[in-house]
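Notes follow once the structure below has been shown.
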Amino acid sequence: MTADFVEIDRDDAGLEADRYGAFPHPREMLWYGGMPGPEQALLDAFRSGKLHHAWLLTGPEGIGKATLAYRFARFLLANPDPDAPALQQASDLGVDPHHAVVGQVARMSHQDMAVIRRGLAKDGKSLRAEIAVEDVRDGLGIFRVTAGAGGWRVVIVDAADDLNRASANALLKMLEEPPQRAVFMLIAHQPGALLPTIRSRCRVLRVPPLSEASVRTGLGKLTQATPASIAEAAGASGGSLRQALALLDAATGTIRRETQKLLDDPANHDAKAAMTLFDKTTGKAGAAAFEVILSMIEGHLQESVHVGAAARSPPAALAARAELWEKLRRSARDVEIYNLDRRPLLLSVFSELAEIERRSRG
């Protein structure tokens with residue numbers, strides 16, 4: 001174990017959708033580089049003795065939402081009494097690295113913590129495209145047994161975006177009538193897609209992107225990249241440590257550069273270059289390239305909406321970009337669920353984006 005993360009046998013963890021490459025999983029991370037606001041909000045709520053039972057952590061992927069959720073789980077399980085003098089003086093959610101709960105959370109062996117996420121598909125070799133009802137029921141199984149000495153039980157849903165309607169309704173029933181001393185931490189990248197009834201039962205905690213300095217620090221702890229490479233990746237990461245790690249990969253860097261060329265002028269993008277790029281998203285090997293391209297298109301749309309709003313662009317232009325943004329993630333989910341060819345979606349999105357740009361220029 002280091003002061004930054006817990007070292008475990010990765011073979012015991014199995015296939016995990018929420019692990020990026022060979023890097024530590026968020027539940028193994030002890031270092032937290034996020035902005036202090038969300039962490040302080042959780043700490044203050046617990047110390048007040050009026051901790052809400054369900055929290056919705058929102059924000060882009062890779063900014064530390066899951067890391068914060070596991071950090072709070074460790075803290076809650078290690079410090080069950082909000083009135084304890086030491087807890088009242090705590091300045092953050094850090095836990096002694098040698099505390100037993102640290103290893104238990106990292107190995108997912110703590111009896112009072114459960115994680116709801118996409119389980120294995122029928123073939124036993126891949127993950128489901130969605131969180132199924134049985135995944136939710138398995139996670140909620142911790143409430144069928146008596147809680148440990150502290151009495152708190154924590155359920156982390158990562159990511160709530162992956163819930164289908166049936167599994168969302170199964171979770172909703174528990175959120176509507178939660179057990180005593182139960183805390184649900186729902187991680188959502190696109191909270192607008194969740195059931196309104198789930199959102200209404202959660203306290204929303206918006207997690208901002210990491211600072212560029214924090215991304216640099218994180219890369220320094222997780223990689224052996226040169227300072228120059230770290231600085232370049234951090235500067236282009238948009239506050240996402242996951243995105244910065246991807247940028248350090250040579251193949252991903254090429255995908256990003258080719259995508260950026262298309263996004264520099266969508267109205268006049270090179271159709272042949274686009275098709276060559278999109279060909280790299282086919283099959284299992286193309287999943288990473290697909291995610292990179294999706295992330296960059298979403299970032300482009302998000303920035304153009306914010307810039308347009310600040311410049312008081314016509315509402316119709318802003319609405320068109322916002323609708324395309326929503327359509328992109330929704331359609332991408334369908335592509336993965338039904339194992340469809342990814343290229344038609346990307347071609348369609350770029351075609352619509354080009355048309356929006358042309359109309360905005362008059």
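Of the residues examined, ARG242 is one that is closer than 28 Å to ILE116 by Cα, touching a residue at least 40 places away in the same chain (Cβ under 8 Å), assigned to a helix (DSSP H, G or I) and of a type in the set (D, E, K, R). Those residues that are touching a helix residue (DSSP H, G or I) at 6+ places or on another chain (Cβ under 8 Å) and polar (S, T, N, Q), I need them from the stretch 215-247; list them, please. Scanning the stretch 215-247 gives THR223, SER237, SER240, GLN243.
Here is a yes/no grid of residues against (1) at pLDDT 95 or above; (2) open to solvent by less than 20 Å² (accessible area, probe 1.4 Å); (3) out of contact with any Lys or Arg (no Cβ under 6 Å at 6 or more places or on another chain):
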site: GLY33; (1), (2), (3): yes, yes, yes
site: GLN40; (1), (2), (3): yes, no, yes
site: ALA54; (1), (2), (3): yes, yes, no
site: THR58; (1), (2), (3): yes, yes, no
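Residue count for the stretch 229-281 under the criterion of being over 29 Å from ILE356 (Cα atoms) and open to solvent by less than 40 Å² (accessible area, probe 1.4 Å): the result is 7. Candidates in the stretch 103-119 are the residues that are surrounded by fewer than 20 Cβ atoms within 10 Å (Cβ to Cβ) and without any contact (Cβ under 8 Å) to a residue 40 or more places away in the chain; of these, the one that is nearest to ARG329 (Cα to Cα) is GLY119.
Using the structure shown, decide if ALA147 is surrounded by 14 or more Cβ atoms within 10 Å (Cβ to Cβ) and under 18 Å from ARG333 (Cα atoms). Against the criterion (surrounded by 14 or more Cβ atoms within 10 Å (Cβ to Cβ) and under 18 Å from ARG333 (Cα atoms)), ALA147 does not qualify.
In the stretch 290-308, the condition of being modelled with pLDDT under 90 and either over 22 Å from GLY62 (Cβ atoms) or in contact with a His (Cβ under 6 Å, 6 or more places away or on another chain) (or both) is met by at least one residue.
Those residues that are within 18 Å of ASP161 (Cβ to Cβ) and out of contact with any strand residue (DSSP E or B) (no Cβ under 6 Å at 6 or more places or on another chain), I need them from the stretch 95-120; list them, please. Reasoning before the result, please.
Initial filter on the stretch 95-120 (within 18 Å of ASP161 (Cβ to Cβ)): 115-119.
GLY119, the sole residue that qualifies.
For the stretch 189-208, enumerate the residues that are outside any loop (DSSP other than H, G, I, E, B) and modelled with pLDDT under 95.
Of everything in the stretch 189-208, those that are outside any loop (DSSP other than H, G, I, E, B) and modelled with pLDDT under 95 turn out to be PRO191, GLY192, ALA193.
Selection of first residues in the stretch 162-191 that are more than 17 Å from THR146 (Cα to Cα) and hydroxyl-bearing (Ser, Thr, Tyr) and of second residues that are open to solvent by 40 Å² or more (accessible area, probe 1.4 Å) and modelled with pLDDT of 95 or more, restricted to Cβ pairs under 9 Å at least 6 apart or on distinct chains, gives the following pairs, ordered by first then second residue: SER167/GLU134; SER167/ARG137. Of all residues in the stretch 60-70, those satisfying the criterion of being assigned to a helix (DSSP H, G or I) and open to solvent by 10 Å² or more (accessible area, probe 1.4 Å) are ALA66, THR67. When the stretch 316-343 is filtered for residues that are aromatic (Phe, Trp, Tyr) and surrounded by fewer than 17 Cβ atoms within 10 Å (Cβ to Cβ), only TYR338 remains. Criterion applied to THR197, THR217 was being of a type in the set (Ser, Thr, Tyr), farther than 28 Å from ARG330 by Cβ and open to solvent by 10 Å² or more (accessible area, probe 1.4 Å), and the one residue passing it is THR217. Restricting attention to the stretch 285-299, the residues being open to solvent by 10 Å² or more (accessible area, probe 1.4 Å) and within 14 Å of ALA274 (Cβ to Cβ) number 2. Just one of the numbered conditions (1) closer than 30 Å to GLU357 by Cβ; (2) at pLDDT below 90 is not true of LYS284: (1).
Within the stretch 120-134, residues that are touching a residue at least 40 places away in the same chain (Cβ under 8 Å) and open to solvent by 60 Å² or more (accessible area, probe 1.4 Å) sit with their Cβ atoms under 8 Å from residues that are part of a loop (DSSP other than H, G, I, E, B) and hydroxyl-bearing (Ser, Thr, Tyr), at 6+ positions apart or across chains, in these pairs: LEU120/SER126. Please go through the stretch 89-102 and give me each residue that is surrounded by fewer than 14 Cβ atoms within 10 Å (Cβ to Cβ) and within 18 Å of TRP152 (Cα to Cα), ordered by number. Selection gives ALA100 alone. Select from the stretch 303-315 the residues that are at negative phi and open to solvent by 80 Å² or more (accessible area, probe 1.4 Å) and list them in ascending order. GLU303, HIS306, VAL307, ALA310, PRO314, PRO315, listed by residue number. Here VAL307 meets each of (1) of a type in the set (Val, Ile, Thr); (2) more than 24 Å from SER237 (Cβ to Cβ); (3) without any contact (Cβ under 8 Å) to a residue 40 or more places away in the chain with one exception, condition (2). Filter the stretch 127-178 for residues that are assigned to a helix (DSSP H, G or I), in contact with an Asp or Glu (Cβ under 7 Å, 6 or more places away or on another chain) and within 23 Å of THR67 (Cα to Cα) and give the result. ILE142, ASP162 - these are the residues of the stretch 127-178 that are assigned to a helix (DSSP H, G or I), in contact with an Asp or Glu (Cβ under 7 Å, 6 or more places away or on another chain) and within 23 Å of THR67 (Cα to Cα).
The values are calculated or read from the model by the stated rules, or taken from the named source; none is laboratory data. Quick caveat: nothing in here was measured; it's all calculated off a predicted structure. All Cβ positions, glycine included, derive from the backbone under ideal geometry; neighbour counts span all protein chains shown. Only protein heavy atoms, including side chains, enter the accessible area calculation; ligands, DNA and RNA are left aside. Shrake-Rupley method; radii C 1.70, N 1.55, O 1.52, S 1.80 Å.
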